[in-house]
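Worksheet: the structure to be examined is printed underneath.
Laboratory data are not the source of any read-out in this text; all were calculated from the coordinates shown. On a predicted model such as this, the values are computed, not experimentally measured, just so you know. Cβ coordinates were reconstructed from backbone atoms using ideal geometry, including for glycine residues, and neighbour counts include every protein chain displayed.
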Amino acid sequence: MLKVGVQLYSVRNSLKAEPFKTLEKIAQAGYKYVEAANHNALEDDGVGFGLSAKEMKKALEDLGLSIIGCHINPLNLERLPAVLDYHQELGNKQIGCDIEFFPYEDMDYLRRRCELFNKVGELCKERGMRYYYHNHYQEFQRFGEKTVYELIMEHTDPELVFIEMDTYWIMRGGQDPLKLIEQYRDRLILLHQKDFPKDSPQPVNMFDGTINDKESISFSLFEETKDPRCFTEIGTGTMPIQEIINAAVTAPNMEYIVLEQDHTDLDEIDSIKASMEAFQKYSGTEWE
């Protein structure tokens, strides 16, 4: 059984305005597990909203929430010890990265990034923690015959760099998430699950006319082509979510499937409630 969590990026505007109230609403909705996303890691050791480890730990404990991971961006080796100290205090056993690869430039650059990932993984391992890599669609660009994702997997140590597969972005990169789950099952520890709407204005595959798969994708280009209308509440769209769960549950180190809503027309809290309700129909998951 996969435990179901929620990525706090889904409620980022609410958290920025009222962090403690928002955590309370998440708990009231019935979520027990949260993954954070700190995009201000050069200044903030923690979860990105200026909360001290003591404050965050108390809030989580009071609300019955457990933190199961956190994206740290940017990755900075000098800052990392303080970041890891914070997350160890919370009881968080793993950190990841999510937007560390814009653009790809060349193979030398890719190898240097992989060396950094190995170093981060080593620092985490020394503390009894794990480091994981989260994908978007641009990892499925091709350098010659191989995708960037394949090259990352080849140039990082599987004992130091684990993976959090975002099945939505895998699909939007023109790949089959079921095949990739099977291919990298031993390194898989977390899944991000979004959903793709029936009436999307873009094709499922971003490389099918939206982006050239050999084009250098900068972060600004990624943002420009990320259409808010291409997201819907999880369980209400077209993704093969039950098949994804069935595949992921067999991965030996897989623990949590994390619901994430990048954009919504609803209030953020109403959105994660709608996803929770729609997600109840799937088997192989548990909420406690």
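What is the distance, in nm, between label points placed 7 Å from the Cα along the Cα-to-Cβ direction at ARG142 and at GLU61?
About 5.4 nm, to one decimal.
Would you mind telling me which residue in ASP45, ASP98, ASP227 has the biggest mean-square fluctuation in a Gaussian network model of the chain, where springs connect alpha carbons within a distance under 10 angstrom?
Result for the chain, Cα springs under 10 Å: ASP227 fluctuates most.
Roughly how many Å is it from the Cα centre of the range 192-209 to that of the range 1-73, as a whole number?
27
Rounded to the nearest 5, what % of the DSSP beta bridges within the chain are antiparallel ones? Working shown, then result.
Numbers: 2 of 33 bridges.
For the chain, the DSSP antiparallel bridge percentage is about 5.
Do you know the relative contact order of the chain, to the nearest whole percent, from alpha carbon pairs under 8 angstrom that are 6+ apart? Walk me through the numbers before you get to the answer.
On the way: 514 pairs, mean separation 63.0, N = 288.
Reported as a whole number, the value is 22 percent.
Lys and Arg at +1, Asp and Glu at -1: add these up for the other residues within a Cβ distance under 14 Å of MET153 and post the number. It would help to have the intermediate numbers written out before the result.
Numbers: positive: ARG111, ARG113, LYS146, LYS179, ARG185, ARG187; negative: GLU139, GLU150, GLU154, ASP157, GLU159, GLU164, GLU182, ASP186.
It works out to a net charge of -2.
Subtract the Cα-Cα distance of LYS179 and GLU43 from 0.36 nm times their separation in residues, and report this length gain in nm to one decimal.
On the way: separation 136, 0.36 × 136 = 48.96 nm, distance 3.85 nm.
So the chain would gain 45.1 nm between LYS179 and GLU43.
Only one of the values [x] 27.0; [y] 15.4; [z] 13.6 was calculated from this structure for mean projected area of the Cα convex hull in nm²; name its label.
[z]
Suppose each label sits 7 Å from its Cα in the direction of the beta carbon; what would the GLU24-ASP262 distance come out to in nanometres?
Modelled inter-label distance: 3.3 nm.
Sort 215-223, 265-273 for me by packing, meaning the mean count of neighbouring Cβ atoms within 10 Å per residue, highest on top. All intermediate terms of the calculation are to be shown ahead of the outcome.
Working: 215-223: 13.7, 265-273: 17.1.
Output ranking for 215-223, 265-273: 265-273, 215-223.
Determine the dipole magnitude for the chain: charges of +1 sit on the beta-carbon of Lys and Arg, -1 on that of Asp and Glu, nothing else is charged, the reference point is the Cα centre, and the result goes in debye to the nearest 20. The partial results should precede the final answer.
On the way: 31 positive and 51 negative charges, 86 e Å.
It comes to approximately 420 debye.
Give me the percent of DSSP beta bridges within the range 58-216 that run antiparallel, rounded to the nearest 5. Could you put the intermediate results ahead of the total?
On the way: 2 of 15 bridges.
Once the DSSP bridges in the range 58-216 are tallied, antiparallel ones form about 15 percent.
Given a 10 angstrom Cα cut-off, can you work out which residue in ASN246, ASN212, ASN38 is the most mobile in a GNM of the chain?
ASN212
Using the Cα centre as the reference, give the magnitude of the dipole from point charges on the C-beta atoms of the range 160-288 (Lys, Arg: +1; Asp, Glu: -1; all else neutral), rounded to the nearest 20 debye.
On the way: 11 positive and 25 negative charges, 87 e Å.
Magnitude of the dipole: close to 420 debye.
Which entries of LYS194/LYS214; LYS32/LYS281; LYS93/LYS119 show an alpha-carbon separation above 22 angstrom in the structure shown?
On the way: LYS194/LYS214 25 Å; LYS32/LYS281 18 Å; LYS93/LYS119 17 Å.
Result: LYS194/LYS214 exceed 22 Å.
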